[in-house]
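Read through the structure below, which is laid out as structure tokens, and then see the notes.
What follows draws every value from the coordinates through simple rules; no lab data is involved. As the structure is a prediction and not an experimental result, all values here were calculated from the model. Note that each Cβ is placed from the backbone with ideal geometry, even for glycine, and that neighbours are counted across all protein chains shown.
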Amino acid sequence: MEDLIVAAAKVMSVWLTVAFTLIVLPSVFGASLGISELYMRILVKTLEWATIRIQKGVKQEQAMALKNSASSGIIQRDETTMEKEIAGLHRVDFELSDVFYFSKKGIEAIVEDEVTQRFSSEELVSWNLLTRTNVNFQYISLRLTVVWVLGVLIRYCLLLPLRVTLAAIGIVSMIVGTTLVGQLPNSNAKDWLSELVHLTCSRILVRALSGTITYHNKENRPQKGGICVANHTSPIDVLILTNDGCYAMVGQAHGGLMGLIQRSTVKACPHVWFERSEMKDRHLVTKRLREHIADKNKLPILIFPEGTCINNTSVMMFKKGSFEIGGTIYPVAIKYDPQFGDAFWNSSKYDIVSYLLRIMTSWAIVCNVWYMPPMVREEGEDAVQFANRVKSAIARQGGLTELSWDGGLKRAKVKDTFKEQQQKNYSKMIVGNGSTGNPSMGAE
């Protein structure tokens with residue numbers, strides 16, 4: 001028994017030494033030994049080979065139909081706007097047959113609307129050897145099955161233990177490091193050490209996800225005293241951004257392990273955590289945020305204005321609160337590559353532990369981050385218009401679909417005011433009383 005314990009201790013010692021030497025130590029200096037790059041090259045070649053094997057023998061027409069199915073969804077919709085379609089159907093007076101058009105649109109929305117599909121994982125065109133991402137893929141060759149089995153063994157027996165080890169090192173280092181730095185008196189040295197701890201730990205945690213991140217336009221990185229706003233796909237969005245710079249976080253105070261991390265990090269960095277009761281007080285939240293950005297020596301605030309996770313195919317309504325504070329807005333667009341792993345957190349389907357297990361057993365997290373030129377509120381522009389302008393810029397840069405719907409519809413019902421506005425729009429189209437405008441979605 002003692003020999004077994006000694007052997008296990010030696011294996012653990014070697015394991016930690018390798019992880020520290022090859023991954024943790026380079027993270028301190030922001031360097032890479034090229035292991036991740038080699039892994040990604042092998043992975044890309046393997047997935048390309050798997051795609052060719054899957055599509056081999058399939059007729060071109062079937063492949064195109066499969067591609068259209070994955071990209072366009074169940075319903076094939078025309079690009080023509082509703083107003084133009086109605087104008088094409090409309091003659092002089094209302095006819096009973098006009099009702100069929102709205103019935104058709106209603107049935108389409110019931111089968112597949114453009115909102116709820118944003119709260120489920122994006123369907124891939126080809127299988128990525130993680131799971132069958134399209135029901136049309138039924139046949140798998142023996143050779144491909146062998147590769148899949150090898151992939152399962154690698155992901156669960158090698159990558160998962162390594163990633164859990166790195167995550168544990170990163171989290172413990174974050175708690176201990178920020179707690180120690182927090183004991184120092186306020187000074188430039190304390191700020192420097194705090195940023196060093198945050199950056200180092202974020203880099204370790206990104207490596208725990210086999211993260212491969214490409215940052216574009218670094219000259220536009222958020223500056224101190226500003227507000228960084230980004231589209232929201234997953235809790236790991238924070239790690240993706242803090243891997244390249246330090247931010248002051250804004251959010252609700254939690255308990256458990258998350259609460260321990262929050263309480264330790266706030267000692268070293270001016271994060272803004274609110275109690276549950278305080279989050280409902282918009283004036284208090286706004287006041288705290290204004291006080292933060294008024295100090296140009298404090299780190300930029302990181303905010304996700306959508307307020308919920310979207311599946312990275314679109315950008316939904318930005319809450320206006322972030323844009324009422326004032327100051328300079330630094331937009332950031334984040335786009336993940338789902339071929340290597342699905343970063344989207346479907347919180348209604350998976351709890352955080354199940355989600356992290358899925359992430360840590362995927363191939364890798366690959367994404368692009370675009371820093372965009374700073375934006376300020378223009379004269380005569382209200383907070384809602386400013387929020388929509390920033391949202392449009394992020395959607396264009398990230399190649400995402402821009403939607404005016406509130407992401408809160410994931411858990412809430414459509415407001416009655418919006419239903420009434422839609423009814424008015426339909427009435428105008430039927431009677432030919434002019435075109436309709438974009439209804440206010442009640443951005444708050």
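Rounded to whole numbers, the Karplus 3J(HN,Hα) couplings from phi for region 317-331 are 3, 8, 5, 6, x, 5, 9, 8, 6, x, x, 9, 9, 10, x Hz, using 6.51 cos²θ - 1.76 cosθ + 1.60 with θ = phi - 60°, and x at Gly and Pro. With a ≥ b ≥ c the root eigenvalues of the C-alpha gyration tensor of region 176-284, is it rounded (a/c under 1.5), prolate (a/b larger than b/c) or oblate? The shape class here is rounded.
Distances between placed amide hydrogens fall under 5 Å for THR212 paired with ILE365, VAL366, CYS367, all partners being 5 or more residues away or on another chain.
Normalised radius of gyration for region 301-340, please: alpha carbon Rg relative to 2.2 N^0.38 Å, two decimal places.
Details: Rg = 12.2 Å, N = 40, 2.2 N^0.38 = 8.9 Å.
Normalised by 2.2 N^0.38 Å, the Cα Rg of region 301-340 equals 1.36.
Here the peptides 206-216, 5-15 are ranked by packing, the mean other Cβ count within 10 Å, and the order with the highest first is 206-216, 5-15.
Annotation: amide H of ASN243 has no partner in the under-5 Å range at sequence separation 5 or more or interchain, hydrogens built in the peptide plane.
Summary of packing: across the peptides 342-348, 172-178, 37-43, the per-residue average of other C-beta atoms within 10 Å ranks them, highest first, as 342-348, 172-178, 37-43.
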